[in-house]
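I have placed the structure first, in the form of structure tokens, so that the comments after it can refer back to it.
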Amino acid sequence: MRCVRANVGTAECRSEDMPHGLLGNRGLIAIIAQGEIDPLGHPLGAGNRLIVATGPLAGTAVSSAARISVGGKSPLTGGIKEANGGGEAGRALASLDLRAIIVEGLPPRGPDGKAPLRLLVVSEEGAHLEEAGALAGKGTYETAALLRSWYGERAALLIIGPAGEMRLPTAGVFATDPDGQPGRACARGGMGAVMGAKGLKAIVIVPGNHRPKPAQPERFRKAAAEFHRLLRETPQTGKFYREYGTAYSVGALNALGAMPTRNFTVGSFEHADALSGERLRELMLERGGKPVHACMRGCIIQCSNVYVDGTGRPLVSPLEYETLVLMGSNLGIGDPDQIARLNYLANDIGVDTIETGAAIGLLMGEGEVPFGDGATVARLLEEIRRGSAIGRLIGCGAATVGRALGTPRVPVVKGQSFAAHEARAVKGMAITYGMTPMGADHSTGVTFRAKVDHSRPEGQMELSRDTQVRVAAYDALGFCLFVTPAVGPRPEVTVELLNAMYDLSLPPDYITDLGKWVILTERAFNLAAGLGPAHDRLPEFMYTEPLPPTGLVVDIPQEDLDRYWEAEYWGTSADLLSEAAAGSRPTACCGCGRGAEQPDQETTQGRDGCGD
């Protein structure tokens with residue numbers, strides 16, 4: 001396994017071996033952060049790393065296995081962060097026989113005190129930095145079009161908008177899809193600000209000709225066929241996501257009273273039907289849009305879409321549930337066309353629609369902007385682009401806006417806003433938002449599809465914890481979150497893919513061990529950064545303010561929270577946490593859960609320490 005390491009201070013770029021075996025995406029970010037980033041360092045400083053990673057099955061014929069992750073220390077949470085997205089960058093890295101890109105240092109400043117804006121170009125010829133001053137201030141869409149004209153339409157791009165150049169904590173990194181559109185957002189946690197601090201407008205990955213080859217081709221083919229059968233035959237992945245996209249969650253969450261509305265004051269929205277997956281599909285079919293669309297080549301779920309206006313002109317791709325809520329119902333806006341236009345603006349400026357929607361929702365909740373006023377929301381987004389005082393305030397995220405407004409009613413954990421699953425009505429999400437090392441990030445463990453009574457606190461801790469472990473493992477292997485309903489109950493299928501690809505003998509419980517290791521490694525980093533149990537609590541209003549129409553509050557027993565990190569559950573991987581709590585750095589070397597002191601002689605894929 002190899003990576004590209006680029007130092008923007010010295011302009012040195014080189015390829016080097018990486019010893020971390022099967023780890024990808026979130027797992028690779030965790031172990032690189034563990035070894036290279038000072039937990040107490042400034043997120044925008046020279047010591048932070050911008051880490052771009054894909055998974056060990058990227059570039060193969062396996063569906064949904066080439067997600068891209070961007071991570072490092074978050075300027076929003078102050079802890080570790082991985083922001084995950086679709087697009088073509090993962091496959092492009094694999095075509096160069098690369099698993100990751102690591103960017104370090106800070107660019108030199110000129111006599112005017114400004115640092116140069118550059119591109120990092122990675123191709124079969126190697127990696128190098130190029131001047132990109134002509135792209136300064138440009139939106140992601142114009143930047144993508146220009147870069148594709150310069151480097152070819154096959155180039156996979158990771159781009160920041162003006163918000164990233166201004167190093168605003170809501171800034172994401174935007175990846176291009178197979179159509180060349182930069183709508184696949186690695187959005188959360190401010191990784192766009194870290195990329196901006198490194199002086200990079202974009203990372204350009206020019207695909208090569210490397211094709212990963214399984215060690216056992218026939219065995220791999222059979223395992224992939226079973227993996228794909230499960231995706232096709234599971235209703236969630238074979239029908240609902242494919243036909244309705246992520247917006248198919250609208251109906252279910254609105255019915256549960258768990259769809260954040262008007263600054264998280266209500267759990268259902270009177271215009272929910274207009275935002276449902278069924279209605280959006282009808283509109284796109286009527287207008288000539290694409291309700292079925294792949295964010296990356298080879299995906300058989302195809303939950304993306306191309307949303308068009310009444311004339312058939314594309315407005316944005318994709319229009320997804322989280323944006324429909326945080327930029328829609330949370331702001332009192334029920335017109336999908338209007339939300340799509342706001343989505344496009346946010347993408348072009350380069351900000352996370354979840355964090356930005358929560359920040360603007362606070363302004364509305366305090367009476368600064370009327371609910372439902374989409375025109376003013378558009379103007380506020382343009383203020384972010386301009387870099388005005390109000391624009392920069394919103395661009396700093398919901399926690400900062402809440403402090404500026406003097407309100408205690410701010411929907412954040414660890415400085416990051418809630419997503420579109422109300423934790424008072426779907427109580428497993430209270431655990432996910434509170435306990436994940438990632439801040440209030442729904443993608444670390446969505447629980448609302450589980451067949452439980454979501455209004456009751458009993459068993460929610462165990463449900464969320466198990467879900468988070470499973471999701472962390474699949475993320476660390478480069479898979480899309482959406483494969484887990486289909487293949488999560490059958491871990492042996494995924495393990496068989498890995499064994500056939502790399503000629504290993506991993507057991508089925510490798511998936512669980514890997515997920516636990518990832519989370520505990522992240523937790524250890526956060527503890528060293530000063531984020532402890534006091535930061536695992538939801539805001540007070542979630543415990544005291546009943547949510548209409550159900551009247552529910554967060555009432556997870558404290559003893560459940562106290563049991564979350566119990567060593568009996570986490571097993572030998574819990575040594576990582578005790579080491580971090582004692583002030584030392586974790587020593588486990590990979591995702592196997594066995595640690596560096598327990599080498600496994602049966603495996604053949606070398607890694608530091610454990611031999612896995």
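The values are calculated or read from the model by the stated rules, or taken from the named source; none is laboratory data. No experiment lies behind these values; they were computed from the predicted model shown. Note: ideal-geometry Cβ built from the backbone for every residue, glycine included; neighbour counts use all protein chains shown. The protein model used for the area step is the full one, side chains on, heavy atoms only, and it has no ligands, DNA or RNA in it. Shrake-Rupley method; radii C 1.70, N 1.55, O 1.52, S 1.80 Å.
Is it the case, given these coordinates, that L28 is open to solvent by less than 30 Å² (accessible area, probe 1.4 Å), under 17 Å from P207 (Cα atoms) and of a type in the set (A, V, I, L, M)?
So L28 fails the test.
Conditions (1) open to solvent by less than 20 Å² (accessible area, probe 1.4 Å); (2) at pLDDT below 95; (3) of a type in the set (G, A, S), marked per residue:
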position	(1), (2), (3)
A274	no, no, yes
C295	yes, no, no
V308	yes, no, no
R313	no, no, no
T323	yes, no, no
L326	yes, no, no
S329	yes, no, yes
I333	yes, no, no
P336	yes, no, no
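Would you mind finding the one in A258, A247, A224, A274 that is more than 30 Å from E165 (Cα to Cα), hydrophobic (A, V, I, L, M, F, W, C) and touching a His at 6+ places or on another chain (Cβ under 9 Å)?
From the options A258, A247, A224, A274, the qualifying one is A258.
Matching residues to (1) surrounded by fewer than 24 Cβ atoms within 10 Å (Cβ to Cβ); (2) modelled with pLDDT under 95; (3) assigned to a loop (DSSP other than H, G, I, E, B):
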site	(1), (2), (3)
L393	yes, no, no
A425	no, no, yes
A430	no, no, no
P437	no, no, yes
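For region 124-137, give me each residue that is open to solvent by 10 Å² or more (accessible area, probe 1.4 Å) and either among the small types (G, A, S) or touching a residue at least 40 places away in the same chain (Cβ under 8 Å) (or both).
Those that are open to solvent by 10 Å² or more (accessible area, probe 1.4 Å) and either among the small types (G, A, S) or touching a residue at least 40 places away in the same chain (Cβ under 8 Å) (or both): E124, G126, A127, H128, L129, G133, A134, A136, G137.
Restricting to region 533-566, name every residue that is open to solvent by less than 10 Å² (accessible area, probe 1.4 Å) and more than 20 Å from G365 (Cβ to Cβ).
Y564 - this is the single residue of region 533-566 that is open to solvent by less than 10 Å² (accessible area, probe 1.4 Å) and more than 20 Å from G365 (Cβ to Cβ).
Name the residues in region 439-452 that are open to solvent by less than 20 Å² (accessible area, probe 1.4 Å) and of a type in the set (V, I, T), would you?
The answer is T444, T447.
Of these, F220, F174, which one is of a type in the set (F, W, Y), modelled with pLDDT of 95 or more and over 30 Å from G391 (Cα atoms)?
F220 is the lone residue from the list that is of a type in the set (F, W, Y), modelled with pLDDT of 95 or more and over 30 Å from G391 (Cα atoms).
Given the criteria out of contact with any Cys (no Cβ under 6 Å at 6 or more places or on another chain) and in a loop (DSSP other than H, G, I, E, B), does G164 qualify?
No: the conditions fail for G164.
Please name all residue pairs, on different chains or six or more residues apart, with Cβ atoms under 8 Å, provided the first residue is in region 245-264 and is basic (K, R) and the second residue is assigned to a loop (DSSP other than H, G, I, E, B).
R262/G332; R262/F371
Does region 250-269 hold any residues that are open to solvent by 10 Å² or more (accessible area, probe 1.4 Å) and in a helix (DSSP H, G or I), and which are they?
Hits for region 250-269 are G251, A252, N254, A255.
Only one residue in V121, V70 is at pLDDT 95 or above, among the β-branched types (V, I, T) and surrounded by fewer than 24 Cβ atoms within 10 Å (Cβ to Cβ), so which one is that?
Of V121, V70, the one residue that is at pLDDT 95 or above, among the β-branched types (V, I, T) and surrounded by fewer than 24 Cβ atoms within 10 Å (Cβ to Cβ) is V121.
Pick out the one residue from G199, G238, G180 that is open to solvent by less than 10 Å² (accessible area, probe 1.4 Å) and within 24 Å of G59 (Cα to Cα).
Exactly one residue qualifies, and that residue is G180.
So which residues in region 140-161 are open to solvent by less than 10 Å² (accessible area, probe 1.4 Å) and not in a loop (DSSP other than H, G, I, E, B), if there are any at all?
T140, T143, A144, L147, A156, L157, L158, I159
Among the strands (runs of 3 or more DSSP E) confined wholly to region 1-73, which include 2 or more residues that are among the basic types (K, R) and touching a strand residue (DSSP E or B) at 6+ places or on another chain (Cβ under 8 Å)?
2-7
Give the residue that is surrounded by the most Cβ atoms within 10 Å (Cβ to Cβ), with candidates limited to residues of region 467-519 that are in a helix (DSSP H, G or I) and of a type in the set (S, T, N, Q).
Taking the candidates together, the pick is T494.
Could you grab me the full set of residues in region 338-355 that are open to solvent by 10 Å² or more (accessible area, probe 1.4 Å), out of contact with any Asp or Glu (no Cβ under 8 Å at 6 or more places or on another chain) and within 15 Å of T376 (Cα to Cα)?
Q338, R341
Please find, within region 228-271, the residue that is farthest from P411 (Cα to Cα) out of those that are among the hydrophobic types (A, V, I, L, M, F, W, C) and touching a Ser or Thr at 6+ places or on another chain (Cβ under 7 Å).
It comes out as L231.
With respect to T467, determine if the residue is among the hydroxyl-bearing types (S, T, Y) and either in contact with a Lys or Arg (Cβ under 6 Å, 6 or more places away or on another chain) or in contact (Cβ under 8 Å) with a residue 40 or more places away in the chain (or both).
Against the criterion (among the hydroxyl-bearing types (S, T, Y) and either in contact with a Lys or Arg (Cβ under 6 Å, 6 or more places away or on another chain) or in contact (Cβ under 8 Å) with a residue 40 or more places away in the chain (or both)), T467 does not qualify.
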